[in-house]
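Please read the structure below before turning to the comments.
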Amino acid sequence: MKLPEQLGTLLFRSKKSPIRFACWTALILIPALILVFPSRQSITVNEIIGGAVLGGITLYLLLDYIWARVDMYENGIVQKRLFSNTQVILFNEFTQIYVRRWCIGFLRWRFFPHVTVFIENDGHNYKISSNFHRNNEIITATETYIYKNSMHMLNQLFDAGEILAFGDVQLGRNQIVLGKKHLPRQDVGQISIKDGYLRLYEKNGKGGIKRLAFGKTKLRKVANLNMLCRFIEFNDVNIEKFGYRVFKIPFL
């Protein structure tokens, strides 16, 4: 397939995580080996069929691991998947990126971080699964393109009084809309990001900040988060620490 020249220079290539591939393969191969090589001498038809099915799934995972990849270019992304057409995403000034982050939590420790990327571009939706091991770099490169190519246009629209759409957040010179809630800009007391949510707090009558959030939304529903933070001058965002939705192990 001939790729558009507008993609620019290839920055890097992302393959599926070898650790996750090894874990999934082990989960499938272990029962397959138990079915194919039982301790007794006789092997039933059901065991043979079950072993063949699990072996087929393992072969699919291996071929997908070898073939699937995401190529990150200066101006776009090319994603190749097994048994699917190659996806070519050529960015423009209206490209939007959404990110879903989650992990498992135990006390203060965090395990198995998952980062899934969703891109809206020219009316099409694309997904880069968390199985790819360089998704954070893909996010950074995409946000860099959006900032370079969209900031000037968005500044002009913002200064002209237009409402800027960032997914579940709409931003204007005089108000912020979070979901279906409208809050005047002068009443905004604080904006915070914690446990995978963006929260908006309102000022109280004494000039302080109300303890209960005025509204909140999942970061997964916020488009171009990096750009939004620049517009609202929210520069102390620690996504690696607070951007993940933590699912804690029950009773621990």
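The values are calculated or read from the model by the stated rules, or taken from the named source; none is laboratory data. Because the structure is a prediction, the values reported are computed rather than measured. Here Cβ is always computed from backbone atoms with ideal geometry, including for glycine, and neighbour counts include all displayed protein chains. SASA here: full protein model, heavy atoms, side chains in, ligands and nucleic acids out. Shrake-Rupley method; radii C 1.70, N 1.55, O 1.52, S 1.80 Å.
Worth pointing out:
- Which listed residue, of Leu225, Leu219, is surrounded by 18 or more Cβ atoms within 10 Å (Cβ to Cβ) and closer than 23 Å to Asn155 by Cβ: Leu225
- Checklist (1) of a type outside the set (D, E, K, R); (2) at pLDDT 85 or above; (3) over 27 Å from Leu157 (Cα atoms) applied to Gly207, failing item: (2)
- Top-ranked residue in the stretch 182-195 [being open to solvent by 60 Å² or more (accessible area, probe 1.4 Å) and assigned to a strand (DSSP E or B); ranked as farthest from Gly243 (Cα to Cα)]: His182
- Against the numbered list (1) at pLDDT below 80; (2) of a type outside the set (Phe, Trp, Tyr); (3) surrounded by 11 or more Cβ atoms within 10 Å (Cβ to Cβ), Gly56 comes up short only at (1).
- In the stretch 203-217, the residues that are in contact with a strand residue (DSSP E or B) (Cβ under 6 Å, 6 or more places away or on another chain) and either among the β-branched types (Val, Ile, Thr) or closer than 26 Å to Val246 by Cβ (or both): Ile209, Lys210, Ala213, Phe214, Gly215, Lys216, Thr217
- Matching residues in the stretch 228-249 - criterion: being open to solvent by 90 Å² or more (accessible area, probe 1.4 Å) and not aromatic (Phe, Trp, Tyr): Arg230, Glu233, Asn235, Asp236, Glu240, Lys241, Lys248
- Residue, surrounded by the fewest Cβ atoms within 10 Å (Cβ to Cβ), within the stretch 70-85, restricted to residues that are among the charged types (D, E, K, R) and touching a residue at least 60 places away in the same chain (Cβ under 8 Å): Glu74
- Tally, over the stretch 196-212, of residues that are crowded, with 17+ Cβ neighbours inside 10 Å and not in a strand (DSSP E or B): 1
- Residues of the stretch 123-170 that are of a type in the set (Val, Ile, Thr), open to solvent by less than 50 Å² (accessible area, probe 1.4 Å) and closer than 19 Å to Arg230 by Cα: Ile139, Thr142, Ile146, Val169.
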